[in-house]
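Just below is one structure, and these are the notes that go with it.
The values are calculated or read from the model by the stated rules, or taken from the named source; none is laboratory data. No experiment lies behind these values; they were computed from the predicted model shown. The protein model used for the area step is the full one, side chains on, heavy atoms only, and it has no ligands, DNA or RNA in it. Shrake-Rupley method; radii C 1.70, N 1.55, O 1.52, S 1.80 Å.
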Amino acid sequence: MAMMERLKQFLDASQVRYQVHTHSRANTATAVAAADRIPLSEMAKVVLIRAGRQYMMAVLPASRRLDLAQMRTATEEPDLELASESEVGQLFPDCETGAMPPFGNLFGLAVWVEDSLGRETETVFNAGNHRQTVHMAFSDFARLVKPSFGALARPLEG
């Protein structure tokens, strides 16, 4: 099943209000925010992290960059590393590379959210591909995913 359909089924079963937007193909969170005409602070991007043999998701706004040292402190995991592109492909076979939604609970993964992401009422994220986004209330996302929160990132330079 394609990720978009799986996500829709989960959100519908959870009785969550959301909208799906279609835009021109965009491969980075910054480009998606521009294509979808939303602030970088609302666009959630997912970074897959490995701690030994365990994986977790780091979710942060497109306006920020993951800081592994900060994430190691927040998670109390000293051996965190970025997962490789091939690992991402293996864990998310029904998603285009780099377009996985921030629902680690659908994949049995812990989710860590950067504290600054929850400052917006709405959050937007890729729907498993580079042409569609899902818009929903951040409070609904947090209720469904039950993530941990911490200072995981720093502002983008320039």
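Add -39500 (n - 2.57) for each DSSP H run of 4 or more in the chain, then divide by its residues: what number comes out at 222 nm, to the nearest 500 deg cm²/dmol?
-7500 deg cm²/dmol
Can you give me the accessible area per residue for the chain, using a 1.4 Å probe, in Å²?
On a per-residue basis, the chain sits at 50 Å².
Run a plain Debye calculation on the chain (Cα atoms as equal point scatterers, no solvent) and give log10 I(q)/I(0) at q = 0.09, 0.13, 0.19, 0.20 Å⁻¹, rounded to two decimals, same order as the q list.
Ignoring solvent entirely, the Cα scatterers give -0.25, -0.54, -1.25, -1.40.
Give me a comma-separated list of calculated 3J(HN,Hα) values for region 55-72, in order, Karplus coefficients 6.51, -1.76, 1.60 applied at θ = phi - 60°, integers in Hz, x for any Gly or Pro.
10, 8, 9, 10, 10, 9, x, 4, 7, 10, 10, 4, 10, 4, 5, 5, 5, 4
If I compute solvent accessible area with a 1.4 Å probe over the protein chains, what percent of it on region 1-94 is carbon and sulfur?
46 percent
Return the long-range amide H neighbours of residue 113 (sequence gap of 5 or more, or a different chain), with a cut-off of under 5 Å between placed amide H atoms.
59, 148, 149, 150
What full-extension length gain, to one decimal in nm, is calculated for residue 79 and residue 121 as 0.36 nm per residue of separation minus the Cα-Cα distance?
Once the chain is fully extended between residue 79 and residue 121, it gains 11.8 nm.
Can you say what percent of the DSSP beta bridges in the chain, counting only those with both residues inside, are antiparallel? Round to 5.
Close to 75 percent.
Express the C-alpha Rg of region 85-158 as a ratio against the empirical globular expectation 2.2 N^0.38 Å, rounded to two decimals.
In units of the globular-protein estimate, region 85-158 measures up at 1.15.
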